[in-house]
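We did not get these values from a lab; they are worked out from the coordinates using the rules stated. The shown structure was predicted, so the numbers you read here are calculated from the model rather than taken from an experiment. Positions of Cβ are generated from backbone atoms using ideal geometry, with glycine treated the same way; all protein chains shown enter the neighbour counts.
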Amino acid sequence: MPTIRGWDIPLWLLLFGGALLVLAWLLLAEYRRVFLANPRSVMSFEVLAEIVGGGGPGYLAVASLCVGGVLFGIGALLLLYLIGEYVFLVARALFPAT
């Protein structure tokens, strides 16, 4: 039977992945708003960030979306696995095989 200690890992993965997804979405929304307000300034910042080698905020947002999605997906799969294992063990205890 999964212990309480085992349940916190998928919950933290869901929480951290969801937080990364929300932050990336907010960054993309802000980036779009600034780009529509003044495209030339955003383009010059993108060129400067590319020269420095850090990548622009668009790259950071897409990377955060990818990492957050993977973490959220792994957390969801682990949580479904733990729930399925718990349901199987409870059903086995309630309906023992003869």
(request) Please report, to two decimal places, log10 I(q)/I(0) for the chain at q = 0.14, 0.20 Å⁻¹ as given by the Debye formula with identical point scatterers on the Cα atoms and no solvent. (result) -0.66, -0.94
(request) Taking 7 Å along the Cα-to-C-beta vector as the label spot, tell me the residue 26-residue 81 distance in nanometres, rounded to one decimal. (result) 3.1 nm
(request) Take every Cα pair under 8 Å in the range 14-93 that's 6+ residues apart, average their separations, divide by the length, and report that relative contact order as a whole percent. (result) 48 percent
(message) Please list, in order along the range 38-44, the HN-Hα scalar couplings obtained from phi with the Karplus expression 6.51 cos²θ - 1.76 cosθ + 1.60 (θ = phi - 60°), rounded to whole Hz, x for Gly and Pro.
(response) 8, x, 5, 5, 5, 5, 5
(message) Just to check I understand the Karplus step: with θ = phi - 60° and J = 6.51 cos²θ - 1.76 cosθ + 1.60, what whole-Hz values come out for the range 15-29, glycine and proline as x?
(response) 5, 5, x, x, 5, 5, 5, 5, 5, 5, 5, 5, 5, 5, 5
